[in-house]
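Reviewing the structure listed below.
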Amino acid sequence: MLRPPARILMLALPLVVAASVSRPATAAEASPEWPQFHGPRRDNRSTETGLLKRWPDGGPKRLWTASGIGYGFSTVAVADALLYTTGNIGKDTVITALDLAGKTLWQARNGPAWQREVPGTRSTPTIDSGRLYHENADGDVACLDAKTGRNIWSVNILRTFNGRNIRWGLAESLLVDGDRVVCVPGGEAVSMAALNKTTGKTVWTCRGAGDKPGYASPVLIDYKGLRQIVTMMSASIVGVHADTGKLLWRHDHKAYADETVSTPVFHEGLIAVATLGPGAARCLRLIVRGQTASVQEVWHTGVLDNHHGGILALDGYIYGTKVRSTWVCLDFATGNVMYKAEGVGKGSLTYADGMFYTYSERGLMGLVKATPKSHDLLSQFQIPKGGKGPAWAHPVVCGGRLYLRHGDFLYCYDIRGKS
């Protein structure tokens, strides 16, 4: 049963709980945004400056802790001075909106909770032009009013496109490209689809890839005049024409148990992914000729067999963890190993102001200087006890704050440097 916040208004939906906003956000608070998984450009790199270069003993000041968001592994999106995430509450997948003080403003259902293997929500909401887009693990795609949680339209992509679900449920965070929402139903015929973001109607479908969905989130790559959507399917990496849905290329990539979780990263014509073996880390060169494209494999290595913490590309290097906990840096162009280090252990990361924020699945948070020369762990702290399961939600830095999710809890830390 949902526990609604105080002063609720029940709307004519399966369930939307809305509360009055505690106070208007200032202009300074409203400006920083992280409106989707891995940020505005989906590269997991923040442009913020003026952040702490070391943390005090015990970590930076914790501003607040929010609970009641449900159980899951979704991280947060930040837009228009609001925070958004998702979680399992009872039998439902529930989207929660909070203000910058951590107060719940509304909660809305988006289909059933994922209660099979590894229960919990997966994908992070995407915010665009005042609307929220979310896909649950069973393929329910919902478009909501981001301020109120009112449902605008909904489509189940597995039913609509004869898609195929996967062992641990769909996990992609939806990509908005112009007036389209891109999703991956992974059917035998329709691999990827674009929906009109205003109506939910089908704009184009991609045929020919053949694979089931992967667990990755798609990215838009605009290179040499060709815009394409790149993602991981269950046994491949694919590039799809962003405007027509035509399959441009497909490259085999097999991971253990089809756990292709890695969001692709791009640098100067090169695309890289990292998963469990045998695929592990792989780099492809993108070859564009007008409105067509192909790829050539540049390198392949088992040194960076990433699980689901993701990899990050910065200044010609790739960073991430091995499944056995070691942090690794590779040269993007060659795949050469720059370093291996223990750090905080296996986990996820984000980048801001010359630093990596490394978050282990055991809830240990680290601050690391962003350099390919060494993994210099400058500060670390343990998040509070109480959250259940592994800490798999990726960290977010936005507005001088660090957001960390663990189970039903969301923690907010002040990481602004002293002026």
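The values are calculated or read from the model by the stated rules, or taken from the named source; none is laboratory data. Just so you know, these numbers come straight off a predicted model, no measurement behind them. Positions of Cβ are backbone-derived with ideal geometry, glycine not excepted, and every protein chain shown enters the neighbour counts. Just so you know, the surface numbers come from the protein's heavy atoms only, side chains and all, with ligands and any DNA or RNA stripped out. Shrake-Rupley method; radii C 1.70, N 1.55, O 1.52, S 1.80 Å.
Points to keep in mind about this one:
- Heavy atoms of H251 accessible to a 1.4 Å probe, total area in Å² rounded to 10: 40
- Sum of -39500 (n - 2.57) over DSSP H runs of 4+, divided by residues of the chain (222 nm, nearest 500): -500 deg cm²/dmol
- The heavy atoms of R131 present about 60 square angstrom of accessible area, all protein chains included, probe 1.4 Å.
- Distance from the stretch 282-345 to the stretch 89-124 (C-alpha centre basis), Å: 32
- Accessible surface of the stretch 49-151, 1.4 Å probe, proportion on carbon and sulfur as whole %: 48
- Qualifying GluC sites (Glu not before Pro) for the stretch 116-177 [loop in DSSP, other Cβ within 10 Å: at most 11]: E117
- The share of accessible area on the stretch 362-419 that comes from carbon and sulfur is 50 percent, using a 1.4 angstrom probe.
- Packing-based ranking, highest mean first, of 217-230, 100-113 given that Cβ atoms within 10 Å are counted: 100-113, 217-230
- Entries in K322/K373; K61/K340; K340/K418; K197/K246 that, when Cα-Cα distance is taken, lie over 24 Å: K61/K340; K340/K418
- Within the shell defined by Cβ-Cβ distances under 10 Å, the residues around D243 carry a net charge of +2, with Lys and Arg each +1 and Asp and Glu each -1.
- Span from the the stretch 218-279 Cα centroid across to the the stretch 356-400 one, whole angstrom: 27
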